[in-house]
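**Student:** Take this structure first; my questions come after.
The values are calculated or read from the model by the stated rules, or taken from the named source; none is laboratory data. All figures in this text were calculated on a predicted structure; none of them were measured in a lab. Because the Cβ atoms are built from the backbone with ideal geometry, glycine has one as well, and the counts that use them run over all protein chains shown.
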Ligand code: LLP
């Protein structure tokens, strides 16, 4: 489920009218449904019930402190990729002992910070990084818990910018090289404790097949390493895809009832059903690093139409959100459903481009899409914007970052103030 539906002719987040939030807080405005995040956490937790597991939320998807706090309360761990994300998790009350640290380019400063906080595992992406980790830990008189990220050379069949598990990607260590690397580390690196193995093949996977392929390929390696090095966990990464098309309808009718032909039926139940038996027999703790699945359908970006511009070839609806607020369409040809806050009275559609104010032709949210007509002054919601939306926003064109609101039932809380013009130049000399 997700928390967005028309009630009394107006789009609501749980029991809160988005039109009222737009009037109170202005636009562009991110709105999150706390209930959806909790529901998705619980569903994933239940789907993995047959195996000892821990859900380490991938903070990069949405790092707002209040979102993190919701997940802390559910007992989530956290997968971080920078010192900044660790700082946020700590501020939100997260336990560093349940944090994993991913990424190909950790600095020595970030490594020292995370060692000092006592994180659960460094998910290491190269032998060079493993040696740097050993050195920093030695200097601090500590032993660093580590897992190496294996690149299983499996095709995730997703957009090439977010596919990570093929040999040509910068991520992880080649599958074939892993046993020797573990043996060398155990022999030569006294300040490393090999605690697990990690993999992540890509993001927005809409079929369970690549997950199965990767698990089947890597499981024998896990068994071998567990035996040789007494590993305690295997992280199978994140990547569970969500519905983007007809996202609004799918909330009411059930998640995967309305999907694009290329959005294959990956349900969370199926994910669990296929993977749990394969994982359970290994006798290890399984870590998951979901980002998008937990927060993607839990957020919308509300934006107001400023102008309608009718050209010879096209009609443009110019809105007050731009690619700086939501870059997914520009960067990945990402699809976000666009729905008016005022429920359309008829089924009539107009074919339009919805574009932002930024001085780039790539600044659009859709092109040649049949949408219910909406007029300047009216607001629309860009659906499924809870993951990699605000988190990837920038100040491009000197546009202040949008405000964010978290809804829980009938309560709406401003969880990030809109940036001011002074915020834009803070720190500049
Ligand atoms: N673990 C690792 C090591 C990752 O690199 C990622 C995402 C995740 C977990 C979480 O993946 P998820 O469950 O959210 O698919 N900005 C792109 C997505 C980039 C994903 C980067 N890594 C987008 O908007 O589609």
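**Student:** Those residues that are surrounded by 22 or more Cβ atoms within 10 Å (Cβ to Cβ) and within 16 Å of the ligand (Cβ to nearest atom), I need them from the range 33-43; list them, please.
**Tutor:** If the condition is that a residue be surrounded by 22 or more Cβ atoms within 10 Å (Cβ to Cβ) and within 16 Å of the ligand (Cβ to nearest atom), then 36, 37, 40, 41 are the ones that fit.
**Student:** I need the helices (runs of 4 or more DSSP H) fully contained in the range 237-318, keeping only those with at least 3 residues that are modelled with pLDDT of 95 or more and surrounded by fewer than 22 Cβ atoms within 10 Å (Cβ to Cβ).
**Tutor:** Once the helices (runs of 4 or more DSSP H) in the range 237-318 are filtered for at least 3 residues that are modelled with pLDDT of 95 or more and surrounded by fewer than 22 Cβ atoms within 10 Å (Cβ to Cβ), what remains is 268-280.
**Student:** From the list 201, 212, which residue is closer than 23 Å to residue 273 by Cβ, assigned by TED's automatic domain parsing to the domain that holds residue 279 and surrounded by fewer than 22 Cβ atoms within 10 Å (Cβ to Cβ)?
**Tutor:** Step by step, each of 201, 212 is checked, and only 212 is closer than 23 Å to residue 273 by Cβ, assigned by TED's automatic domain parsing to the domain that holds residue 279 and surrounded by fewer than 22 Cβ atoms within 10 Å (Cβ to Cβ).
**Student:** Is there a residue being touching a residue at least 24 places away in the same chain (Cβ under 8 Å), within 16 Å of the ligand (Cβ to nearest atom) and either over 21 Å from residue 57 (Cα atoms) or touching a strand residue (DSSP E or B) at 6+ places or on another chain (Cβ under 9 Å) (or both) anywhere in the range 269-285?
**Tutor:** Yes: one or more hits.
**Student:** For a quick check of your reading of the model, give me the residue pairs whose first member lies in the range 99-113 and is more than 25 Å from residue 286 (Cα to Cα), whose second is surrounded by fewer than 23 Cβ atoms within 10 Å (Cβ to Cβ) and at pLDDT 95 or above, with beta-carbon atoms closer than 6 Å and at least 6 apart or on different chains.
**Tutor:** Filtered contacts from the range 99-113: 108/136; 110/83; 112/136; 113/83.
**Student:** Let me ask you something else. Among the residues of the range 25-32, is any within 16 Å of the ligand (Cβ to nearest atom) and within 30 Å of residue 306 (Cβ to Cβ)?
**Tutor:** yes
**Student:** Next question, about the same structure. Being more than 26 Å from residue 4 (Cα to Cα) and within 14 Å of the chain's Cα centre (by Cα) is true for just one of 51, 81, 59, 89. Which residue is that?
**Tutor:** 81
**Student:** Out of all the residues in the range 224-233, is one or more within 16 Å of the ligand (Cβ to nearest atom) and either at pLDDT 95 or above or not assigned by TED's automatic domain parsing to the domain that holds residue 147 (or both)?
**Tutor:** yes
Every residue, every condition in (1) within 14 Å of residue 303 (Cβ to Cβ); (2) within 16 Å of the ligand (Cβ to nearest atom); (3) out of contact with any strand residue (DSSP E or B) (no Cβ under 9 Å at 6 or more places or on another chain), yes or no:
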| residue | (1), (2), (3) |
| --- | --- |
| 347 | no, no, yes |
| 351 | no, no, no |
| 357 | yes, no, no |
| 360 | no, no, yes |
| 378 | yes, no, no |
| 391 | no, yes, yes |
| 399 | yes, no, yes |
| 419 | no, no, no |
| 429 | no, no, yes |
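**Student:** Follow-up question, since we're still on this one. Applying the selection to the range 329-345, what residues are in contact with a strand residue (DSSP E or B) (Cβ under 7 Å, 6 or more places away or on another chain) and surrounded by 15 or more Cβ atoms within 10 Å (Cβ to Cβ)?
**Tutor:** Hits for the range 329-345 are 329, 336, 338, 339, 340, 341, 342.
**Student:** Could you check residue 386 against (1) part of a loop (DSSP other than H, G, I, E, B); (2) out of contact with any helix residue (DSSP H, G or I) (no Cβ under 8 Å at 6 or more places or on another chain); (3) under 30 Å from residue 240 (Cβ atoms) and say which number it fails?
**Tutor:** Here residue 386 meets the rest and fails (2).
**Student:** Got a number for residues in the range 147-173 being farther than 20 Å from residue 106 by Cβ and more than 19 Å from the chain's Cα centre (by Cα)?
**Tutor:** Here the count works out to 7.
**Student:** Here is a follow-up. State the number of residues belonging to the range 43-71 that are over 16 Å from residue 294 (Cβ atoms) and assigned to a helix (DSSP H, G or I).
**Tutor:** 0
**Student:** Taking residue 214 as the residue in question, decide whether it is within 16 Å of the ligand (Cβ to nearest atom), more than 22 Å from residue 131 (Cβ to Cβ) and assigned to a loop (DSSP other than H, G, I, E, B).
**Tutor:** No: the conditions fail for residue 214.
**Student:** Only one of these conditions is not met by residue 199: (1) more than 13 Å from the ligand (Cβ to nearest atom); (2) touching a strand residue (DSSP E or B) at 6+ places or on another chain (Cβ under 8 Å); (3) within 22 Å of residue 291 (Cα to Cα). Which number is it?
**Tutor:** Status for residue 199: all satisfied but (1).
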